[in-house]
Every structure is written in structure tokens, then in C-alpha cells.
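K.L.:
Got a structure for you, written out below as C-alpha cells; questions coming shortly.
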Amino acid sequence: MICPVCDVEMKALVEGIFQCPKCRKIIKQKTEEEQEEEKKIGKGELQEGEYFHRHASINRQYEICESGITVNKTENRWLAVLICHSAYLESERYVRLSWWKKSFYRHAGMMKIYEEDVMKNLITALEKIDNEFDDFWTFKGKFREDKTLTEEDKIREKKLDLIKYRIIENRTCPKCGKKMDKEKSHYECPHCGEIVILEGYNQPVFNIAPTDLKLNFQASFPINFYLPVAGITIKWLMGEWKSLVVIYSKENPNKKWLRFYWWVRDLKNVMKYGRREIGESSKLGWKAKKGAGTTNLYNKDLIKPLIEALKKISKEMNWNVEE
């Protein structure tokens with residue numbers, strides 16, 4: 001076995017363990033199974049879920065990995081796209097973007113995608129970010145795209161305006177179209193259970209379907225510690241928000257990276273008392289999803305293989321994400 005640092009023949013200490021006589025580096029010889037998995041990683045092929053359970057921190061108590069694709073793997077970092085299902089309900093399948101860190105690959109971060117339309121938005125957002133940022137994450141695009149709206153955009157805006165008008169005037173449920181009951185600070189539909197929160201001057205805040213999101217660049221996000229350059233929202237519900245945002249630190253504005261954000265907010269205080277918790281006003285109650293962790297992408301070159309992995313995984317999920 002040749003030392004990867006010194007390029008000299010290594011000496012065997014015990015079976016499968018070698019040491020370089022020059023730099024004293026100790027290396028374990030890879031098994032045939034590990035070599036096969038490395039070939040799959042290099043080709044971006046689908047790997048068995050058991051491989052991820054054995055080599056990464058996925059808790060079988062909560063979720064089972066069926067299969068996955070490794071996007072990038074180094075000694076200290078591992079990024080993969082997985083198909084998982086709940087340990088309690090096998091029919092509850094979803095796509096999980098997973099980040100692991102350190103040599104034993106403990107959990108670093110994740111984002112779960114349950115809907116086909118959100119996956120479409122994720123792929124579209126990644127393609128836009130790949131096109132509008134250079135290799136150093138410098139933004140070259142525009143926050144407001146061409147003001148000339150397409151027919152599809154006009155229909156989308158008209159639909160949202162109509163929903164808002166019907167809620168304000170007639171308390172019409174945006175989901176089932178029936179009349180909602182007025183509570184202290186929200187409307188609640190007794191027929192389908194849909195809830196519409198009232199903010200500001202009784203302005204309705206309701207769930208927006210993933211297909212109705214414009215996927216334009218924006219810079220207004222409930223981000224702590226870092227500052228946003230630009231990002232795209234791929235899912236927005238009253239209690240859940242997912243976005244892809246390029247961020248930077250105030251101490252080092254030249255270093256930027258992409259982060260996959262997943263926020264949630266608890267609206268029970270708003271519904272019960274008509275107000276949020278103390279200290280929530282600045283970020284409108286949005287908090288990082290528990291377990292979402294650190295979902296950073298530093299190397300822009302990984303966007304294209306990530307998109308390819310997402311498309312392959314979507315086919316396995318029988319999701320049609322092609323335009």
C-alpha cells in the first residue's frame with residue numbers, strides 16, 4: 001500500500017492496518033464493500049439505506065432510511081439525499097437532506113421534504129442560485145425580476161388577492177370555501193379546521209400553496225447571528241417556513257455560503273391570548289426547527305450534483321419534478 005502523502009510503500013502493522021515509515025501516518029485498508037460504495041459515490045448512484053444507518057447517525061427509533069445518494073463525502077463532512085419513512089408509519093415517506101460532520105459522521109443538520117411541489121421549488125431555487133451567484137457567492141441577480149408579469153403570474157396574484165378579499169369581507173375559508181368563525185385574533189373553520197391568523201390591522205395571514213410562491217430573490221428572513229445576501233422561499237405556511245439563503249457573518253463579510261433554513265412558529269399564544277410570547281415581535285415568532293441544525297453548503301460546485309441527486313431521488317419517490 002502506498003502512502004497518499006509521501007508516495008512511499010507503507011509497512012503492515014497488523015492485517016489491514018498500514019503505517020508510513022516516513023511520516024508515520026496510519027491508514028486502514030478499505031474493504032471490498034467500502035471500495036464498491038466509493039464507486040457508487042463517485043457515480044452518484046443510489047445506495048442502500050443500511051449503508052447510511054451503519055456509517056452515519058440516523059436513529060432507527062424515529063426513522064428508517066430506505067436508500068440514498070451521497071452528494072459529497074470527505075473525512076469531516078458528508079452530504080447526502082435520502083429516502084426515509086417514519087419508524088411508526090411506513091407509508092409516511094419523505095426526502096431528507098442530511099449533513100453529518102466529524103470523522104464518525106454525527107448529525108449536523110437536515111431538511112425534510114414531504115411534498116412534490118416543495119421539491120420542485122427546491123430544485124428551481126437551487127438552479128436560480130447557481131445561475132445568479134458566482135463561485136464566491138457574490139450576488140449577480142435582481143431582487144425584483146422583470147415587472148412585466150406573465151399570464152401565469154397574473155392569475156397567481158389575482159388568486160391570492162381574491163382569497164384575501166373573501167377572508168376580510170366574508171370570512172370565507174381559503175381551503176373549503178365555507179364561512180369561518182371569528183375568534184379573538186384568528187378565524188377558524190368549523191368545517192375543515194383551517195385557521196387564518198389576523199395580524200396588524202386585522203390583515204389575514206394564511207397558508208400559501210407551494211405552487212403559488214413566486215420563487216423570487218428576497219432579503220427579508222428571520223435570521224439570527226448572520227446577515228442575508230439573498231434567498232428564495234420554497235415553502236411558506238403560517239407555522240412553517242423553508243428557504244435557501246446565501247448568508248455572511250458581520251465580522252467577515254467576504255466569506256459567504258448557502259444555508260438551507262427551516263423555521264417553525266408556535267401560534268397557540270396568538271390564538272389563545274391574541275398576542276405572541278415576549279421577545280418574539282422582532283422575528284414574528286419564527287424559530288429554527290428542532291433538529292434542523294447546521295445546513296451549510298460552502299462549495300458552490302456542489303449545487304449541480306445536489307440537483308442531480310434530488311432529481312434521481314424524486315424519481316424513486318414517483319414525483320414528477322421535470323418541467
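K.L.:
Given a Förster radius of 25 Å and the C-beta distance between GLU45 and ASP301 as r, what FRET efficiency does 1/(1 + (r/R0)^6) yield to the nearest 0.05?
P.N.:
Given R0 = 25 Å and the Cβ-Cβ separation, E is 0.80.
K.L.:
Add +1 for every Lys or Arg and -1 for every Asp or Glu among the other residues with Cβ under 14 Å from the Cβ of GLN19, and state the total.
P.N.:
+3
K.L.:
Counting Lys and Arg as +1 and Asp and Glu as -1, what is the net charge of the other residues whose Cβ lies under 13 Å from the Cβ of MET317?
P.N.:
Here the charged neighbours net out to +1.
K.L.:
Quick one: if the Förster radius is 51 Å, what FRET efficiency do GLU116 and LYS250 give, using the C-beta to C-beta distance and rounding to 0.05?
P.N.:
Between GLU116 and LYS250 the formula returns 0.85.
K.L.:
Once you keep just the Cα pairs under 8 angstrom separated by 6 or more residues, what percentage relative contact order results for the chain?
P.N.:
The value is 13 percent.
K.L.:
Also: If R0 is 35 Å, what FRET efficiency do you get for ASN224 and MET317 from their C-beta distance, rounded to 0.05?
P.N.:
For R0 = 35 Å, the calculated efficiency reads 0.60.
K.L.:
Using a Gaussian network model of the chain whose springs link C-alpha atoms within less than 10 Å, name the residue from ILE307, ILE58, ILE17 with the highest mean-square fluctuation.
P.N.:
It is ILE17.
K.L.:
In whole Hz, with x marking every Gly and Pro, tabulate ³J(HN,Hα) for segment 156-173 from phi via Karplus 6.51 cos²θ - 1.76 cosθ + 1.60, θ = phi - 60°.
P.N.:
Those phi angles translate into 5, 5, 5, 5, 5, 5, 5, 4, 5, 4, 5, 5, 5, 7, 10, 6, 7, 5 Hz.
K.L.:
Another question, if that's okay. So what's the angle, to the nearest 10 degrees on a 0 to 90 scale, between helix 116-132 and the longest Cα principal axis of the chain?
P.N.:
70
K.L.:
At 7 Å along the Cα-to-beta-carbon direction for both LYS25 and GLU92, put a label point, then send me their distance in nm to one decimal.
P.N.:
Label-label distance for LYS25 and GLU92, simple model: 4.5 nm.
K.L.:
Taking springs between alpha-carbon atoms closer than 10 angstrom, which of ALA87, ALA125, ALA12 fluctuates most in the Gaussian network model of the chain?
P.N.:
Among ALA87, ALA125, ALA12, the largest mean-square fluctuation in the Gaussian network model of the chain belongs to ALA12.
K.L.:
Kirkwood-based Rg over Rh for segment 82-180 (C-alpha set), two decimals?
P.N.:
Looking at segment 82-180, the ratio lands at 1.11.
K.L.:
Something else: Classify segment 36-113: rounded, prolate or oblate, from the alpha-carbon gyration tensor (a ≥ b ≥ c, eigenvalue square roots; a/c under 1.5 rounded; otherwise prolate if a/b is larger than b/c)?
P.N.:
Prolate is the answer for segment 36-113, as a/c is 1.5 or above and a/b outweighs b/c.
K.L.:
Between HIS55 and LYS184, what is 0.36 nm times their sequence separation minus the Cα-Cα distance? Round to one decimal in nm.
P.N.:
41.4 nm
K.L.:
Follow-up. Out of SER91, SER185, SER243, any idea which swings most in a Gaussian network model of the chain, alpha carbons joined below 10 Å?
P.N.:
So, out of SER91, SER185, SER243, the one fluctuating most is SER91.
K.L.:
What is the sum of charges around GLU151, taking Lys and Arg as +1, Asp and Glu as -1, for the other residues whose C-beta is under 12 Å from the C-beta of GLU151?
P.N.:
Computed value for this residue: 0.
No value in this document is a laboratory result; all are computed from the given coordinates. Fair warning: this is a prediction, and the values are worked out from it, not measured in the lab. Backbone-built Cβ (ideal geometry, glycine too); neighbour counts: all protein chains shown.
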